[in-house]
Amino acid sequence: MRADLMIRLERELQSLRLKQAQAAKLLGISQPRVSDLLRGRVDLFSADALIDMLARLGIKVRLVASTRRRVA
């Protein structure tokens, strides 16, 4: 889930063509954290932090959980 959130965030930042300092200010994080984000360091970010950053960009996140049915 975190990887999917990070990919969406990276794509959105790339489409905005912001410099790292601009992205940091917009997302409310430091410039080194933006660098970590753009390098795909998913292990450094919680799902909550990624969702918060997406929300700051105006992107809504919806989580859907389902179970698989076992075939007898």
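The numbers here are math on the coordinates, done by the rules we state, and not lab data. Worth saying up front: this structure is predicted, and the values here are computed from it rather than measured. Note that each Cβ is placed from the backbone with ideal geometry, even for glycine, and that neighbours are counted across all protein chains shown.
When the residues of the range 1-33 are filtered to those that are part of a helix (DSSP H, G or I) and in contact with an Asp or Glu (Cβ under 9 Å, 6 or more places away or on another chain), which remaining residue is farthest from residue 66 (Cα to Cα)? The qualifying residue farthest from residue 66 (Cα to Cα) is 27. None of 41, 17, 62, 11 is of a type outside the set (A, V, I, L, M) and on the phi > 0 side of the Ramachandran plot except 17.
Could you say whether any residue in the range 34-49 is of a type outside the set (Gly, Ala, Ser), outside any loop (DSSP other than H, G, I, E, B) and in contact (Cβ under 8 Å) with a residue 40 or more places away in the chain?
Here is the first cut: in the range 34-49, the ones of a type outside the set (Gly, Ala, Ser) are 34, 36-39, 41-45, 48.
Going one step further and asking which of them are outside any loop (DSSP other than H, G, I, E, B), we end up with 34, 36-38, 42-44, 48.
If we keep only those that are in contact (Cβ under 8 Å) with a residue 40 or more places away in the chain too, we end up with 42.
Scanning the range 34-49 turns up at least one residue that is of a type outside the set (Gly, Ala, Ser), outside any loop (DSSP other than H, G, I, E, B) and in contact (Cβ under 8 Å) with a residue 40 or more places away in the chain.
Among the criteria (1) touching a helix residue (DSSP H, G or I) at 6+ places or on another chain (Cβ under 6 Å); (2) surrounded by 14 or more Cβ atoms within 10 Å (Cβ to Cβ), the one residue 3 does not fulfil is (2).
Could you tell me whether any residue of the range 53-64 is part of a helix (DSSP H, G or I), in contact with a helix residue (DSSP H, G or I) (Cβ under 8 Å, 6 or more places away or on another chain) and not charged (D, E, K, R)? Yes, some residue in the range 53-64 is part of a helix (DSSP H, G or I), in contact with a helix residue (DSSP H, G or I) (Cβ under 8 Å, 6 or more places away or on another chain) and not charged (D, E, K, R). Would you say residue 60 is loosely packed, with under 11 Cβ neighbours inside 10 Å, among the charged types (D, E, K, R), without any contact (Cβ under 8 Å) to a residue 40 or more places away in the chain and out of contact with any Asp or Glu (no Cβ under 7 Å at 6 or more places or on another chain)? Answer is yes for this residue.
Filter the range 16-72 down to the residues that are more than 14 Å from the chain's Cα centre (by Cα) and within 20 Å of residue 3 (Cβ to Cβ) and list them by number.
Here is the first cut: in the range 16-72, the ones more than 14 Å from the chain's Cα centre (by Cα) are 16-22, 25, 30-32, 64-72.
Listed by number, the residues that qualify are 64, 65, 66.
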